[in-house]
Amino acid sequence: MSNVPRFTARVYHLFLRAYPPDYIETFGNEMYGTFIEGAEETQSQNALTSYLIREFREMPKALLKAYWHGCKNKILNGIQLLSEATLSSDLPPAPPDGRESWLQAVLELSPFLISGLLLILISYLPFEGMRAGWQRDLGFLGKVIIPLTLPIFLIGLMRGLPRWAYPFGGLLLSYQALVAYQSGLWLFLIVMLLASVILAVAAIFTSPQPFLLPVLLRRIGQSLSLDWTRLSFGFYGAMPLLIIMAFDDSHLNNRTPYLALSVLMMVGSALIYCRSRDVTMQITTLLGGLTLSICGAWLDQVSFAGGLMNWDTSPSLRSGETAWMLLLWIQWVFLILSPVLLITVGRVLNLKRPV
Amino acid sequence: MNTPTEIPLTESTYFILLSLSSKPKHGYAIMKDVRILSNDRIILSTGTLYGALKRLLEQGWITRSDDSDPEGASRDRKVYALSRHGRRILEAEIVRLQELLTAAKQRVAEGKI
């Protein structure tokens, strides 16, 4: 070899170190040998310069492809491991849900039935000592919601998160979100939740061992792999709290029938969801229940505020209330539909690419 | 024959598989053969070739073994051969290309192109 190929061989050897370690281990020596072989042969044919230009010009692209391919393999391995961790269930056999059993349906409906009943009793038959504006008192709400939901949700968690556990979890989580929102910590809560999920998944991707996935995430994954609409049902579990928030002026008004109607819509939609076997029907019902309940609250505001507070003279109040309810509705529509969006994104990522 | 879902192949993959269809080859021999088979249209660099070989190995379309040739063994060279699965894919791709060509020839013969 002349000096030129020896120098370029050194440079090429240096560039080879930029490849991923496992790539160098498998192909490093071979690539170097092939490069030298090519340089020797093209030198004898006086075509060395074009050979070197081509080799070094193509190198960045090949490097990027090697890293991208390595990343893609890690991601695919991670996805496979995640799906194995969630599909190979170490949970007890799933109990029948409200589609098969009326008893289970009643259990699944219990958070809506109990909260609906309490709401109607408190709103239409005010108890002595029940102070006005209790809907805005987070401390009071917490004293009712946490003891009623946390133990049942924990029992559900121990039993492999059957469908009846989700609305309890949803109500508990939405209460915590409201507390975080009121105290200006909602962003912190979202970041913490997202970060914990991302870190758990990243741990799997970088070091493929299923036990790294926290038990809670495994349980949720295994449970959702049986029926992903459970997640939507979980978000729908926040409905009692949404109704409380949306009817927070009901202590002042003339006790319109809209609260009772909203509660009825909430329970009725949950019942149809529990008994339905069709996924489209289930999701549509949940969205319908949410929409009709919020519409009830808006009508309550219109009939109350239109009469007592006279919205016509304070349009900013009218638009403010309407915008707030619309925002609440949009947020929960997004959450209920989020599993559908996740599935769609998953399908798009799995699209076949040419070899 | 059922059409494998992996086809159509990219041009580089097709020529690499075609190059290995006659006999097992080492890296530089594949590079030279691809250039000849494609009439100098496809000139693979070392990086591009080994990226493609790595993917084909992972997919089980080719196999890798030590070079039995004394010169190759002295250079610590490896040879690549087409696996049964790889051959099936190459055959399916050739059938597909033949069908394309037949259709085009038919239209040319009819004077419609």
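Computed values, structure above
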| read-out | value |
| --- | --- |
| Breaking point among (1) closer than 25 Å to B:D76 by Cβ; (2) at pLDDT 85 or above, for A:T49 | (1) |
| Selected residue [surrounded by 20 or more Cβ atoms within 10 Å (Cβ to Cβ), touching a residue at least 12 places away in the same chain (Cβ under 8 Å) and more than 14 Å from chain A (Cβ to nearest Cβ)] from B:L56, B:L20 | B:L20 |
| Helices (runs of 4 or more DSSP H) contained in segment B:23-113 and holding at least 3 residues within 30 Å of A:Y67 (Cβ to Cβ) | B:27-37, B:46-58, B:84-109 |
| Residue under evaluation A:L117, criteria (1) more than 23 Å from B:R55 (Cα to Cα); (2) at pLDDT 90 or above; (3) not assigned by TED's automatic domain parsing to the domain that holds A:A270, criterion not met | (3) |
| Within segment A:228-303, helices (runs of 4 or more DSSP H) holding 1 or more residues that are more than 23 Å from A:G142 (Cα to Cα) and within 22 Å of the chain's Cα centre (by Cα) | A:229-236, A:258-275 |
| Subset of segment A:62-75 that is under 15 Å from A:M31 (Cβ atoms) and in contact with a Ser or Thr (Cβ under 9 Å, 6 or more places away or on another chain) - its residue that is nearest to the other protein chains (Cβ to nearest Cβ) | A:A62 |
| Residue match in segment A:187-199 (condition: crowded, with 19+ Cβ neighbours inside 10 Å and at pLDDT below 85) | no |
| Single unsatisfied condition, A:L103 versus (1) at pLDDT 80 or above; (2) outside any helix (DSSP H, G or I); (3) exposed (fewer than 14 other Cβ atoms within 10 Å of the Cβ) | (2) |
| Qualifying residues in segment B:1-17 (those that are more than 8 Å from chain A (Cβ to nearest Cβ) and buried (at least 16 other Cβ atoms within 10 Å of the Cβ)) - the one farthest from the chain's Cα centre (by Cα) | B:I7 |
| Members of segment A:1-59 that are under 53 Å from the mean Cα position of the chain (by Cα), exposed (fewer than 15 other Cβ atoms within 10 Å of the Cβ) and basic (K, R) | A:R10, A:R17, A:R57 |
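The values are calculated or read from the model by the stated rules, or taken from the named source; none is laboratory data. All of these numbers come straight from a predicted model, not from anything done at the bench. Quick reminder, even Gly has a Cβ in these numbers, built from the backbone with ideal geometry, and neighbours come from all protein chains shown.
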